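Student: Pasting a structure here, questions to come.
The values are calculated or read from the model by the stated rules, or taken from the named source; none is laboratory data. Remember, predicted model here, so these are calculated numbers, not experimental data. All Cβ positions, even for glycine, are placed from backbone atoms using ideal geometry, and neighbour counts span all protein chains on display.
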Amino acid sequence: MRSLTTISLSFILVTACIDPIDFETDSNADGNIVIDALITDKEESSRVIISKSVPYSEYVSNTTLSKMRNAHVVLSVGSNELIFREFEPGTYIPPADFKAIDGLEYKLTIELEDGKRYESDVNRLTNNADIETVRKDYTFRTTLSKNNVEVSKGGVELLLDTKILDDNKYYRWQFTGTYQIESKPELVTPVPPTCSGIDINPETGIDEGTGICTCCICWVTESENLILSDPSFRDGQIKNVPIAFIENSEGRFEKKYHYAIDQIAISQEEYEFWRAIKTQKEQGSLFAQQVGKIPSNINEVGSEQGNVLGYFSVASITSTSGYLTAADVPERISVLPTLIGTCLGFDGATNIKPPFWE
Amino acid sequence: MRGIITGIALLFFVSTAKGQNVDFRVPEHKIGVSLTEFLNEIEEKEYVKFFFLPEWTAQITVSTSYKDQPIATALQSILAGRSINIEYIYDYGIALIKDPTADIIRQEILDNIDGDLIRYTIGDSVNANWGSNVRIRGIIKDEKFNEPLVGITIYANEVQKGTATGADGSYSLTLPVGKHIITYAGLNYQDKNIAFSLYESGKYDVIMEEKPITLDEIVVKDNAEKENFESNVVGRTRITAAELQTIPAFLGEIDVIKSIQLLPGVNSVGEGSAGFNVRGGSVDQNLILLDEGIIFNPNHLFGFFSAFHPDALKEVTFYRGAIPAQYGGRISSVLDVRQKDGDRNEYHGSGGLGIVTSRLMVEGPIAKDKVSFLFAGRTSYSDWLLKQVKNDDVRNSEAFFYDVTGKVTAYINKKNKIAASYYLSNDKFKFSNDTAYYWQNHSASITHESYVNQKLSLFNNFSVGNYNYEVRDEDVDESFSWKYSIDNFQFKSYINYAFEKHLLTAGVDVKGYDFARGDLKPLSSSSNVRNIELNNDRSLEAGVFISDEMQVGNNLIITPGLRYSFYRLFGDHQLFKYNPELPRDDFEIIDTVNYDNGEVAASYSGLEPRLSAKYSLDANNFIKAGFSRSYQYIHLLSNTTAITPIDSWVPSSEYIKPQIGNQYSIGYFKRMPVKKLTASVEVFYKQIDNVPEYKDGAQLALKQNIETELVNSEADIRGLEFSIQKDGRLSGEFNYTYTSSRRRTFSQFESLQVNNNEFFPANYDQPHNIKINANYDISRRHVLSFNFNLASGRPITAPVERFEIDGVLVANYTERNQYRIPTYHRLDVSLLIRTNHKKDKKWEGSWSFTLYNVYSRRNAYSVFFQESESGRPTAYKLSVLGSIFPSITYNFKF
């Protein structure tokens, strides 16, 4: 009886469940033009990426196939025009010293190889507040594992306070975290990968390798680009924005952990764009809002269809970064078990040392 | 039962027997012994063999001497009135055969009686002169006025003999000595069934209780199923409290809203959704009244329970077709819930102990015969039980609700009754370490009913109410309280005047609303949340109405009605003017008009014709048709997957026009009395203007100029309802509904158009819906019930493509509601066990065992699309109830 009662009462939380299902949707096999345009007040961070959408549930591994090459990308700045060059397939960048300036009007015009033209609405820079502090709180989070077992994990929570700025309350934050991992590819048997610096000639049995391991040390990057301010928050100073929870696991704090936060001041319209995307990510609850079309501020010239996918953002960015170390972790540091193999096999890892890494 | 079967077997046996009959004269015998002893004694003395079942004969006493009479004459005299016949078996035997007819009739009557069957004995069985006739007489009076009633029929069911009261209310009926169930029935009075043991002539007076005033004047029995069938209003259903008892309920709770959802044309989008949809209409188009007070959210725990106390209910009347002229303000249906008046003579109570909730109702006199009270309360204790679960997420969640209701009824004099009732429902739900939701309904009403004379009655009601919700977050940095509230009052006054073949209803009603549309406050100085307070809105709607239910010729009853409603939105009100060349949004405000306190900021009015007709082809075949037009001046705005407690009602304004609905329906109703079947088929068409649709990505919460989030649309709804109902020991119904509920936006601006202004299915559209409900009386004490529900999956919007913006994967949703979630189906089983069945017991108890979702189907609440852990875009199904759900409730009555 006791167990029956208990089961019955916990029904809403325990019996509510989420299962993957097969769901066939129609898709536009040709794809639609997607324009991801970001113009900022920071040098070398402005870019326009032009691509084609892919069917929703189709798995596309090579994303460069969908990139649109040889487009003519022009940014109107007041009465001047700035031509972007194709830096890599589908990605167009302005001259190196370009940065957006407060008070000017920006408009993007794109002409594709097939002659189709796209124009954005006119956009201006939105004032950004400085970042006052980033606090590091060590906290614990309880989550339910897949088999309904409670797991409590400790980690560093980064909380951000802005400085006072009265006329904007729409922000988006980007978080990028980086940490170093080490592996032992030389222990791979029978033949270690050549990146280990060891290259045994099978005929002679002599090590002809360079002796330099290029896959023993890697840097793992994790990021979150969809942290939005809440417009019901006070104008002026925004405090305690939860930017990231960096779990004490997988050896994140074994050496040190680098965090970088970009605070992007955006317009109310752009905020609506990101909020619509965020709504998509927050499905799966009783109170989920219904999803709909994502707004855009770029139109195809002379087309009845109107908006294309994507957004032309003119944004002011304030950044901060720093390191977290073992000193920030008041409990036992999680240690990554010895990886036998190339460190590049680790999810999100690269062997190129980030420029900021000291 | 066994007796009847044996009797039939004997009958078969004897009917084959031919030949000379037994014939002798009764010898001297003992007197005052049972018939069994008598027959045994005769067997010993004469050459005869009697065939009989001792249980038939043991209770019959042989009280006089039959010496020297022929045996046949003697037995006929002894058995008179006992429904036992004699049959001869060749030349040596006599079989006593029980005639099953009377038993069958009796059982049928017993099956159909709701509530208590009164048993009454007239005379002494010792003095019974079996086989002779005796006379029962008496006077029948009205409960309210204590006046004699004319034209009440008195019908002895087994012998199929009846009479009616005369001008002085008296009656007299001659019946054979024996057992009779007599039914006293009268127009607008509750039937009274009395099981008489009639041994000698005697007197029996009856007090008839009036039925609640209804538009029906033809009421055959207090059996809502029959009444619904014969109702003169198309699409009207009445459910009595007794009928609610046997419907399998989630967690064993008797539930009005869930019972309504068993009817054809009534759907809900599934577990966890508040509200119900009637004939393709939206949730806000249902007017829910409790003792005339408006209830905005009749749900506990996101619709898992309805917020009406089951023991306090007298009856529930539900209009989904032609809505009578006296109701206004909502388009699709009226759910008129009436609470009982407390018993003014005796104290009673009832209640239930369940695993989630417990409830209690007590009633009784305050001043005997003059003033009565009723108090009922229910509370969940799930919160306590959640704490027992060894899981932090569950333990830290809180779900708690209660409701209380009270009613005081004063019988001022024979013709006037005043009743005051109060209702409160309260809910709290808090997710683990997260936001807490609170919602509350209050309603207080005072009703005066005056029966001026047999023809004229007057009805006045004044009610005030409030619905409010609060969302609260205690998190230090984001602590906030968000409150929403609607105050309302309603005054309603009307008369019913019956003359010749007319029942005239005429009156007025006035409703006032005060919307506190949103107030967001930080709960501490360290909170980031800023204060947002939306302007309050006040509105008033009023109506005058008249209708006449009239008999035209022998076969036609028509009820034309007319309602005129008007609406005012009052200041303080801020009216934003937008650039007409562009879609309305915050950037396109070109002017603001301020209306001062009391100034009229918007006004609308309209005529609402109503018509209902019933044509009787014969006693068992009817055609009913109806038309109703309704204006709806307040709207519930929601763009969540399903209706939640924190969706907001808004009044009509310059930009949000009143919804205007026209409904046409026609149906054919057939009764097959022999098979105890009724069947009906109805078709309907409903067209609604000015339905507020939301634009893509609409942000409805805490938005002052909410018109920027909405787009005007039209609803086009058509459907068919098919229903078969069976009465008897195995009773139940099969309902099938087809509905197509579509919307179409009207906007010149492409960004506001939904699906290019073409028709698309409404969010809750479920075209096919099958409901099967069956109750089997295993015995008088055991009722087994099944409930099966199947509905097409409701529509969703699915992504067709995806792309990346700044590293974020974005799905592109294009056409709204073009896909459907999987079909919903569910089977529930319940067993009701009454612990005793004796009417004179002081305590009646019953156990209700329910299995909800018997085969553990994980019905989809929604389907959504997200990247899986491996980053692959995947479709997921959210199910609210993932397993079978057992429950036990003990219900009692004293």
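Student: Going by the conditions given, is B:Pro873 within 27 Å of B:Asn763 (Cβ to Cβ) and of a type outside the set (Ser, Thr, Tyr)?
Tutor: Yes.
Student: Now for a separate question. Any idea which of B:Asn763, B:Asn756 is crowded, with 22+ Cβ neighbours inside 10 Å, of a type in the set (S, T, N, Q) and within 14 Å of chain A (Cβ to nearest Cβ)?
Tutor: B:Asn763
Student: Moving on to the next point. Going residue by residue through the range B:878-886, is there one that turns out to be assigned to a loop (DSSP other than H, G, I, E, B), more than 9 Å from chain A (Cβ to nearest Cβ) and over 28 Å from the mean Cα position of the chain (by Cα)?
Tutor: Checked against the condition, which is being assigned to a loop (DSSP other than H, G, I, E, B), more than 9 Å from chain A (Cβ to nearest Cβ) and over 28 Å from the mean Cα position of the chain (by Cα), the range B:878-886 yields no hits at all.
Student: Do the conditions hold for B:Leu562, that is, is it touching a residue at least 12 places away in the same chain (Cβ under 8 Å) and under 28 Å from B:Val711 (Cα atoms)?
Tutor: The answer is no for B:Leu562.
Student: Among (1) over 30 Å from B:Asn297 (Cβ atoms); (2) within 14 Å of chain A (Cβ to nearest Cβ), where does B:Asp591 come up short?
Tutor: (2)
Student: Run down B:Leu582, B:Leu569 and say which single residue is in contact with a Pro (Cβ under 9 Å, 6 or more places away or on another chain) and either within 14 Å of chain A (Cβ to nearest Cβ) or under 30 Å from B:Gln748 (Cβ atoms) (or both).
Tutor: The match here is B:Leu569.
Quick grid of which residues meet (1) outside any loop (DSSP other than H, G, I, E, B); (2) under 22 Å from the mean Cα position of the chain (by Cα); (3) closer than 22 Å to B:Glu209 by Cβ; (4) basic (Lys, Arg):
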residue: B:Lys428; (1), (2), (3), (4): yes, no, no, yes
residue: B:Trp439; (1), (2), (3), (4): yes, no, no, no
residue: B:His442; (1), (2), (3), (4): yes, yes, no, no
residue: B:His448; (1), (2), (3), (4): yes, no, yes, no
residue: B:Gln454; (1), (2), (3), (4): no, no, yes, no
residue: B:Phe459; (1), (2), (3), (4): yes, no, yes, no
residue: B:Val464; (1), (2), (3), (4): yes, no, no, no
residue: B:Tyr469; (1), (2), (3), (4): yes, no, no, no
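Student: I need a count of the residues in the range B:849-868 that are within 28 Å of the chain's Cα centre (by Cα) and polar (S, T, N, Q).
Tutor: 4
Student: Quick test for you: out of B:Asp116, B:Asp103, pick the one residue that is part of a helix (DSSP H, G or I), modelled with pLDDT under 80 and either under 30 Å from B:Gln190 (Cβ atoms) or under 46 Å from the mean Cα position of the chain (by Cα) (or both).
Tutor: Sole residue among the options that is part of a helix (DSSP H, G or I), modelled with pLDDT under 80 and either under 30 Å from B:Gln190 (Cβ atoms) or under 46 Å from the mean Cα position of the chain (by Cα) (or both): B:Asp103.
Student: I would also like to ask the following. Can you tell me which of B:Ser723, B:Ser740, B:Ser785 is at pLDDT 90 or above, of a type in the set (Gly, Ala, Ser) and under 22 Å from the mean Cα position of the chain (by Cα)?
Tutor: It is B:Ser723.
Student: Does the range B:800-818 include one or more residues that are surrounded by fewer than 21 Cβ atoms within 10 Å (Cβ to Cβ), over 16 Å from A:Glu24 (Cβ atoms) and either aromatic (Phe, Trp, Tyr) or away from every other protein chain (no Cβ under 12 Å) (or both)?
Tutor: No, the conditions are met nowhere in the range B:800-818.
Student: Starting from residues that are touching a residue at least 40 places away in the same chain (Cβ under 8 Å) and acidic (Asp, Glu), keep the ones in the range B:674-708 and report whichever is nearest to B:Arg629 (Cα to Cα).
Tutor: B:Glu682
Student: May I pose another question? For residues in the range B:781-799 being surrounded by fewer than 17 Cβ atoms within 10 Å (Cβ to Cβ) and not hydrophobic (A, V, I, L, M, F, W, C), which is farthest from the other protein chains (Cβ to nearest Cβ)?
Tutor: Once the filter is applied, the top-ranked residue is B:Arg781.
Student: Looking at the range B:660-698, which of the residues that are of a type in the set (S, T, N, Q) and out of contact with any Pro (no Cβ under 8 Å at 6 or more places or on another chain) is modelled with the lowest pLDDT?
Tutor: Checking each candidate, the answer is B:Thr678.
Student: Also, quick follow-up: Mind checking whether some residue in the range A:158-166 is touching a residue at least 40 places away in the same chain (Cβ under 8 Å), farther than 16 Å from A:Asp130 by Cβ and of a type in the set (Val, Ile, Thr)?
Tutor: No: the range A:158-166 contains no residue that is touching a residue at least 40 places away in the same chain (Cβ under 8 Å), farther than 16 Å from A:Asp130 by Cβ and of a type in the set (Val, Ile, Thr).
Student: Is the range B:611-626 home to any residue that is out of contact with any Pro (no Cβ under 7 Å at 6 or more places or on another chain), assigned to a strand (DSSP E or B) and closer than 23 Å to B:Val508 by Cα?
Tutor: yes
Student: Determine whether B:Arg857 is among the charged types (D, E, K, R) and more than 10 Å from chain A (Cβ to nearest Cβ).
Tutor: When the stated conditions are applied, B:Arg857 passes them.
For every residue, the table says whether it meets (1) buried (at least 16 other Cβ atoms within 10 Å of the Cβ); (2) in contact with an Asp or Glu (Cβ under 7 Å, 6 or more places away or on another chain); (3) among the charged types (D, E, K, R).
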position	(1), (2), (3)
B:Lys67	no, yes, yes
B:Thr73	no, no, no
B:Ser77	yes, no, no
B:Arg82	yes, no, yes
B:Tyr92	no, no, no
B:Lys98	yes, no, yes
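Student: Which of (1) hydrophobic (A, V, I, L, M, F, W, C); (2) more than 30 Å from B:Glu315 (Cβ to Cβ); (3) in contact with a helix residue (DSSP H, G or I) (Cβ under 8 Å, 6 or more places away or on another chain) is the odd one out, the single condition B:Leu75 does not satisfy?
Tutor: So B:Leu75 meets the others, but not (3).
Student: What residue, of A:Phe346, A:Phe273, A:Phe287, is at the interface with chain B (Cβ under 10 Å from one of its Cβ atoms) and in contact (Cβ under 8 Å) with a residue 24 or more places away in the chain?
Tutor: Of the residues listed, the single one that is at the interface with chain B (Cβ under 10 Å from one of its Cβ atoms) and in contact (Cβ under 8 Å) with a residue 24 or more places away in the chain is A:Phe273.
Student: Which of (1) part of a strand (DSSP E or B); (2) touching a Leu at 6+ places or on another chain (Cβ under 8 Å) is the odd one out, the single condition B:Val854 does not satisfy?
Tutor: For B:Val854, the exception is condition (1).
Student: Is it true that some residue in the range B:495-507 is surrounded by fewer than 16 Cβ atoms within 10 Å (Cβ to Cβ) and within 14 Å of another protein chain (Cβ to nearest Cβ)?
Tutor: no
Student: Run B:Asp647 past the list (1) within 13 Å of another protein chain (Cβ to nearest Cβ); (2) modelled with pLDDT of 90 or more and report the number of the one that doesn't hold.
Tutor: It fails just one condition, (2).
Student: Inside the range B:343-364, can you point out the residues that are assigned to a loop (DSSP other than H, G, I, E, B) and at pLDDT 90 or above?
Tutor: B:Tyr347
Student: Could you list, in sequence order, the residues of the range B:137-175 that are modelled with pLDDT under 80, part of a strand (DSSP E or B) and aliphatic (A, V, I, L, M)?
Tutor: If the condition is that a residue be modelled with pLDDT under 80, part of a strand (DSSP E or B) and aliphatic (A, V, I, L, M), then B:Ala164 is the only one that fits.
Student: Just to be sure I understand, how many residues within the range B:777-818 are closer than 26 Å to B:Ser268 by Cα and assigned to a strand (DSSP E or B)?
Tutor: Matching residues across the range B:777-818 total 12.
Student: Considering only residues that are crowded, with 16+ Cβ neighbours inside 10 Å, aliphatic (A, V, I, L, M) and in a loop (DSSP other than H, G, I, E, B), which ones fall in the range A:303-358?
Tutor: A:Val308, A:Val329, A:Leu336
Student: Do we find a residue being touching a strand residue (DSSP E or B) at 6+ places or on another chain (Cβ under 6 Å) and within 30 Å of B:Gly272 (Cβ to Cβ) anywhere in the range A:334-355?
Tutor: For the range A:334-355, residues touching a strand residue (DSSP E or B) at 6+ places or on another chain (Cβ under 6 Å) and within 30 Å of B:Gly272 (Cβ to Cβ): absent.
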